[in-house]
Amino acid sequence: MPLTDKFGRSIRDLRISITDRCNYKCVYCRSGSDGPQFPEMAIDEYLRIARVFVGLGITKVRLTGGEPLLRNGLVEMVSELARMRTVESGALDIAITTNGHLLEDMAQPLADAGLSRVTVSMDAVDPGRFARITRVPNGFEQVLAGVRAAQRPGLNPVKINCVLLRGLNDDQITAFGRFARDEGVIVRFIEFMPLEEDRVWSPEIVVTLHEILQRMAEFMPLREVQHAHSETARRYLFEDGVGEIGIVAPVSHPFCGHCSRVRVTSDGKIRTCLFSVREHDLAAVMESGASDDELADFICRVIDHKEARHHIGEPGFVPASRTMVHIGG
Ligand code: SF4
């Protein structure tokens, strides 16, 4: 039986952060001056962790960061993951979330190694605004070249994640609609969550699902299409059939009831929820000389502690014990 928590949710998606270093300094994420804080494990150790989780029923592995394309050995890691078989003896679904800055050169080797999908974080399609948000000059052209490079070897559909903040980039919504249609990518808007370094989040900053739909409908009407329960994004097609957008609405429309995710941080801690205030030290168990079966037992016990849901915006909300750049989304 696949990994299941005490609420009966099947845990199928493993997200591994392979570094908390990043070559971008986005104003809503790296809002403090912390920089990288946690050690990285060896690629072989992440592979062992993935192998044990796959043996417990994981079918999707997403590599995250910081910025995962900064990590040496990434291509080799993807090809090792591509050799793994799920318990149903199917191919593993391997994805990467990247800021796209290094993607132009790496898309082909990653696709050849067996990568299934790529998600690129972009919070503006206006180069000037992009530079102000990322605090990196000329990044927009570089990332756009990366997105197009990923489409060539068939890493389609390339998904674009855009975190919306009121007053920062919410005027980019219809421009992103055009971008999705012109570039043939799926743009997913994400409601801002309280996971930034300086803890500046407030409900007023959040641009909600309803607002995004209203704004986009001014550009062109949308129709909602079915999405799998465990998918975080609601899906919408433009009425003329050209182009698709998604909305990830954890604040206004939480989807915790169908959560299928578990995360491992760059230093080998298991986080059963993005908003966990407690972590479980898998790396220490590995260092103690545990066998793969003992690791599997530890993981099963940990999944029993998986939180029912987040409590964003509720009285008594306790911020996550790490910020997003140190978790990896
Ligand atoms: S907030 Fe936690 S429980 Fe809810 S969907 Fe995200 S990871 Fe799952």
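How do Lys60, Lys306 stack up against each other in accessible area, from largest to smallest, with a 1.4 angstrom probe? Intermediate results must be reported in sequence, preceding the final value.
Values: Lys60 70, Lys306 5 Å².
If we order Lys60, Lys306 from most to least accessible, we get Lys60, Lys306.
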(Q) Treating the range 20-104 as a set of equal point scatterers at the Cα positions, no solvent, please give the Debye-formula log₁₀ I(q)/I(0) at q = 0.26 Å⁻¹. (A) -1.30
Q: Might you list the cysteines of the chain that have no disulfide-compatible partner by the rule of another cysteine's Cβ under 4.7 Å?
A: Cys22, Cys162, Cys256, Cys259, Cys273, Cys300
Q: Using amide H atoms built 1.01 Å from N in the peptide plane, name the residues 5+ places from Arg62, or on other chains, whose amide H lies under 5 Å from its own.
A: Leu14, Arg15, Ile16, Ala95
Q: Tally up the carbon and sulfur contribution to the accessible surface of the chain as a whole percent, 1.4 Å probe, everything protein left in place.
A: 51
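Give me the net charge of Cys259's neighbourhood, meaning all other residues with Cβ under 10 Å from the Cβ of Cys259; Lys, Arg count +1, Asp, Glu -1.
On the way: positive: Arg9, Arg261, Lys306, Arg309; negative: Asp5, Asp13, Glu307.
Once all neighbours under 10 Å are counted, the net charge is +1.
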(Q) Looking at the chain as a GNM with Cα springs under 10 Å, which of Ser121, Ser89, Ser230 has the largest mean-square fluctuation? (A) Ser89
Q: Could you pull out which residues in the range 216-236 have an amide N less than 15 Å from a spot 7 Å beyond the Cα of His258, following the Cα-Cβ vector?
A: 224-236
Q.
Considering only C-alpha atoms, what is the centroid distance from the range 32-71 to the range 276-329, in Å?
A. 14
Q) Using just the C-alpha positions of the chain as equal point scatterers, what log10 of I(q)/I(0) does the Debye formula give at each q in 0.13 1/Å? A) -0.99
Q: Please report the Cα spread of the range 43-149 along all three principal axes, rounded to whole Å, starting with the longest.
A: 47, 23, 22
Q: Can you pull the one-decimal nm distance between simple spin-label points at Glu204 and Gln226, each 7 Å off the Cα toward Cβ?
A: 4.3
**Q.** Per-residue HN-Hα couplings for the range 101-118 [Karplus 6.51, -1.76, 1.60; θ = phi - 60°; Hz; x = Gly/Pro]
**A.** 5, 9, 6, 3, 7, 9, 4, 5, x, 5, 5, 4, 6, x, 4, 8, 8, 9
Q) Extension gain Asn138-Arg152, at 0.36 nm per residue separation less the Cα-Cα distance, in nm? A) 2.8 nm
Q: In nm, give the distance between the simple-model label positions of Ala308 and Arg178, each being 7 Å from the Cα along the Cα-to-Cβ direction.
A: 4.7
Q) Given labels modelled 7 Å from the Cα in the Cβ direction, how far is it in nm from Arg85 to Phe219? A) 4.5
Q. Using a 1.4 Å probe, what is the accessible area per residue for the chain, in Å²?
A. 41
Q) Cα centroid distance between the range 128-153 and the range 4-31, in Å? A) 22
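The values are calculated or read from the model by the stated rules, or taken from the named source; none is laboratory data. Bear in mind that the values here come from a model prediction, so they are computed numbers and not experimental data. Positions of Cβ are backbone-derived with ideal geometry, glycine not excepted, and every protein chain shown enters the neighbour counts. Keep in mind that these areas ignore ligands, DNA and RNA; they rest on the heavy atoms of the full protein, side chains included. Shrake-Rupley method; radii C 1.70, N 1.55, O 1.52, S 1.80 Å.
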